[in-house]
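S.K.: Here it is, the structure in full.
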Amino acid sequence: MTELEDLVPKAPFFYVMEGETSWVNNCFENPTRDIGEFDSFSEHSEEGNKVNAISVDLILPDDLLERILACLPVASIFRAGCVCKRWHEIVSSRRFLWNFSHVLPQKPWYFMFTSSDEPVGYAFDPILRKWFGIDLPYIQKSNWFIASSCGLVSFMDNDSRSELYVCNPITKRCRKLQEPPGLKVYDYSALAISVNRISHGYTISIVKSKLGPGNFFQSDLSIHIYDSETRMWVTSCTEVMTGWRGGDESVICGGVLYLLIYSAGGGATETRHGLIRYNLSNRSSHGLLIRSFIKVPCPLTCGRLMNLNEKLVMVGGIGKLDRPDIIKGIGIWVLDGKDWQEIARMPHKFFQGFGEFDEVFASSGTNNQIYIQSYGAPALLVFDINQKQWKWSQKCPVSKRFPLQLFTGFCFEPRLDVAP
């Protein structure tokens with residue numbers, strides 16, 4: 001058995017929505033269909049315009065066919081593995097994995113949870129513009145902490161915060177990590193993961209924050225780092241913060257951990273949020289973490305941090321000047337040193353398209369694509385940074401069943417060559 005054979009499942013893996021039948025089921029019913037059923041090209045002869053049909057499958061050598069198939073969208077690669085025995089063996093080979101790892105990263109998918117309790121939902125493929133049903137391994141509730149990087153997704157439970165997994169949602173390969181060190185009881189935590197695109201080693205960070213007993217103006221903050229090569233946790237920083245507390249929003253970008261912090265009271269209403277950073281390479285914040293403080297670009301109702309091509313990007317709800325807790329729009333900024341540069345602001349017609357938009361919302365992105373989703377509806381908006389283009393996704397195959405139903409989600413890069 002080759003390394004990739006388990007990537008082509010014997011049971012339904014994911015299925016196309018919008019009324020289509022499961023192509024995984026169909027193709028596995030008869031994986032050795034006659035090659036003549038598939039595409040061919042015609043060659044015209046000078047003698048009597050005679051046409052000779054030649055199967056592409058017969059004339060392409062394996063190495064060229066591998067390179068062609070490696071450029072397909074991930075969902076189409078699974079389809080290709082169902083065409084015939086030869087194609088199945090190609091996409092199941094170690095060499096195919098190597099070819100796939102050397103093509104440009106594919107656009108990220110977005111998984112939308114469609115239940116407030118159960119971890120069920122659908123994943124949107126922006127290339128094929130279709131939704132797929134995917135079962136996420138191990139995760140038990142949709143409110144777990146989730147972070148992703150380069151094809152791997154990390155899950156941490158929201159109750160004991162002691163169950164931690166890293167998985168590839170496409171291949172279903174998964175690893176359970178040992179319980180993080182530090183405080184067993186704390187008020188806030190932020191999860192982040194960073195995958196090295198060359199070695200596929202990964203770093204996970206958990207920032208824990210606990211409010212002081214009887215003094216909410218102070219909080220104990222600690223940073224815990226996991227290294228996949230040593231498979232060990234290290235508590236690299238502990239600090240008492242005054243006037244600020246940690247939250248649930250963090251990201252690793254360029255070897256630096258960024259954490260969105262929240263005012264613990266006593267300050268101006270327009271400075272309810274801030275950003276601190278911690279250098280993971282030398283495990284240093286150059287002194288107190290608060291000394292690395294970076295102001296947010298404007299009063300925010302909430303902020304979502306993401307790593308886009310090793311640049312820190314923030315999507316934030318813009319608060320009204322007189323009522324900073326009331327959202328009036330959504331902006332996107334990139335951090336340049338200690339300064340924020342606005343790169344886009346959501347047009348009003350899209351902002352209105354969400355209907356009633358909460359002060360907080362879900363947003364995540366990778367490469368050059370950002371997803372924005374309201375907690376109160378299954379509508380999904382996509383922003384392409386390169387093209388500066390806003391676009392709605394295809395309609396998610398689920399509708400809101402009751403007024404308090406919540407929707408959330410996360411994006412991830414679909415990859416076959418990365419394993420935890």
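S.K.: Tally Lys/Arg at +1 and Asp/Glu at -1 over every other residue whose Cβ is under 15 Å from the Cβ of residue 176; what's the total?
M.R.: Spelling it out: positives minus negatives among the neighbours equals +2.
S.K.: How long is the gain from residue 234 to residue 389 if the chain were fully straight, where each residue apart is worth 0.36 nm and the alpha carbon distance is subtracted?
M.R.: Taking residue 234 through residue 389 to full extension adds about 51.6 nm, to one decimal.
S.K.: Oh, and also: Find which of 162, 191, 174 sits farthest along the positive direction of the dipole of the range 115-240, computed with +1 on the beta-carbon of Lys and Arg, -1 on that of Asp and Glu, about the Cα centre.
M.R.: Result: 174.
S.K.: Taking all protein chains together and a probe of 1.4 Å, list 388, 208 from the most accessible to the least accessible.
M.R.: From most accessible down to least: 388, 208.
S.K.: Related question: Extent of the range 195-252 along each principal axis, from alpha carbon coordinates, in Å, largest to smallest?
M.R.: 46, 19, 12
S.K.: Ok, one more. Once you have a ≥ b ≥ c as the square roots of the Cα gyration tensor eigenvalues for the range 293-350, tell me rounded if a/c is under 1.5, and otherwise prolate or oblate according to whether a/b is larger than b/c.
M.R.: Note, shape of the range 293-350 comes out oblate.
S.K.: So who's got an amide H within less than 5 Å of the one on residue 406, skipping anything under 5 residues away but keeping other chains? H placed 1.01 Å off N, in plane.
M.R.: Placed amide hydrogens put 116 under 5 Å from residue 406.
S.K.: I need the phi-derived Karplus couplings for the range 218-235: 6.51 cos²θ - 1.76 cosθ + 1.60, θ = phi - 60°, integer Hz, Gly and Pro marked x.
M.R.: 10, 8, 8, 10, 9, 10, 10, 10, 10, 10, 5, 6, 8, 6, 9, 8, 9, 7
S.K.: So what is the accessible area of the range 302-420 per residue, in Å², with the probe set to 1.4 Å?
M.R.: I get 44 Å² per residue for this part.
S.K.: Which one of 127, 207, 146 has its Cα pushed farthest toward the positive end of the charge dipole of the range 89-237, where Lys and Arg give +1 and Asp and Glu give -1 at the Cβ?
M.R.: Value: 127.
S.K.: If one computes the Cα centroid of the range 207-273 and of the range 308-370, what distance in Å separates the two points?
M.R.: 22 Å
S.K.: Suppose the chain between residue 309 and residue 103 were pulled fully straight at 0.36 nm per residue; how much longer would it get relative to their current alpha carbon spacing?
M.R.: 72.6 nm
S.K.: Considering every Cα-Cα pair within the range 91-178, what fraction, in whole percent, is farther apart than 21 Å?
M.R.: The calculated P(r) of the range 91-178 puts 37 percent of pairs beyond 21 Å.
S.K.: State log₁₀ I(q)/I(0) for the range 364-420 at q = 0.13, 0.25, 0.27 Å⁻¹ as given by the Debye formula over alpha-carbon point scatterers of equal weight, solvent excluded.
M.R.: Log10 I(q)/I(0), no solvent term: -0.43, -1.04, -1.12.
S.K.: Rounded to the nearest 10 Å², what accessible area does residue 408 show when all protein chains are kept and the probe is 1.4 Å?
M.R.: My reading of the accessible area for residue 408 is about 40 Å².
S.K.: Give the calculated FRET efficiency between residue 404 and residue 160 to the nearest 0.05, with a Förster radius of 22 Å applied to their Cβ-Cβ distance.
M.R.: So the FRET efficiency works out to roughly 0.30.
S.K.: Of 107/391; 172/400; 349/391; 328/349; 349/388; 130/395, which pairs sit farther than 18 Å apart, going by alpha carbon to alpha carbon?
M.R.: 172/400
S.K.: Same structure, new question: For residue 343 paired with residue 187, estimate the spin-label separation in nm (one decimal), with each label point 7 Å from Cα along the Cα-to-Cβ line.
M.R.: Distance between the two pseudo-spin positions: 3.4 nm.
S.K.: Same structure, new question: Which distance in nm do the two modelled labels at residue 117 and residue 290 give, with both placed 7 Å along the Cα-to-Cβ direction?
M.R.: 4.3 nm
S.K.: Tell me, what HN-Hα J-couplings in whole Hz come from the Karplus equation 6.51 cos²θ - 1.76 cosθ + 1.60 at θ = phi - 60° for each residue of the range 99-104, using x for Gly and Pro?
M.R.: Residue by residue, the range 99-104 yields 4, 5, 6, 9, 8, 4 Hz.
S.K.: In whole percent, how big is the carbon plus sulfur part of the accessible area of the range 135-227, probe 1.4 Å, protein atoms only?
M.R.: Of all accessible area on the range 135-227, carbon and sulfur atoms account for 48 percent.
The values are calculated or read from the model by the stated rules, or taken from the named source; none is laboratory data. Just so it is clear, the model here is predicted, and its values are computed rather than measured. Quick reminder, even Gly has a Cβ in these numbers, built from the backbone with ideal geometry, and neighbours come from all protein chains shown. Only protein heavy atoms, including side chains, enter the accessible area calculation; ligands, DNA and RNA are left aside. Shrake-Rupley method; radii C 1.70, N 1.55, O 1.52, S 1.80 Å.
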